[in-house]
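Here is the structure we will look at, set down as structure tokens.
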Amino acid sequence: GGSLDQERGRLVRELLQRSAARGCTLLMVTHNAALAQAADRVIRLKDGRIVSDERNAAPLAAAELTW
């Protein structure tokens, strides 16, 4: 999303998700925790250190994300 309008943000998220589904590795760095709902894996950092590393068993489709 960033500074995109809601529709364009959704389109970009869907494009990224489709690319990842085709085997591309996608690394997203964000302060928006809602986006983690669409990730296969979420690594959280605090003060430059990993504080959690979790797999998401049921990631949401990009179009399902709201915040």
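The values are calculated or read from the model by the stated rules, or taken from the named source; none is laboratory data. On a predicted model such as this, the values are computed, not experimentally measured, just so you know. Reconstructed Cβ throughout: ideal geometry from the backbone, glycine too, with neighbour counts over all protein chains shown. For the accessible areas, the whole protein counts, side chains as well, though only heavy atoms, and no ligand, DNA or RNA atoms are used. Shrake-Rupley method; radii C 1.70, N 1.55, O 1.52, S 1.80 Å.
The rows are residues; the columns are (1) in contact with a helix residue (DSSP H, G or I) (Cβ under 8 Å, 6 or more places away or on another chain); (2) loosely packed, with under 10 Cβ neighbours inside 10 Å; (3) at pLDDT below 85; (4) among the charged types (D, E, K, R).
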residue	(1), (2), (3), (4)
25	no, yes, no, no
33	no, no, no, no
41	no, no, no, yes
66	yes, yes, yes, no
> Of all residues in the range 43-64, which are in a helix (DSSP H, G or I) and either in contact with a strand residue (DSSP E or B) (Cβ under 7 Å, 6 or more places away or on another chain) or at pLDDT 85 or above (or both)?
Replying inline: 64
>> If a residue must be open to solvent by less than 70 Å² (accessible area, probe 1.4 Å), within 25 Å of residue 3 (Cα to Cα) and more than 11 Å from the chain's Cα centre (by Cα), how many such residues does the range 43-64 contain?
In response: 1
> If only one of 19, 3 is of a type outside the set (Lys, Arg), part of a helix (DSSP H, G or I) and at negative phi, which one is it?
Replying inline: 19
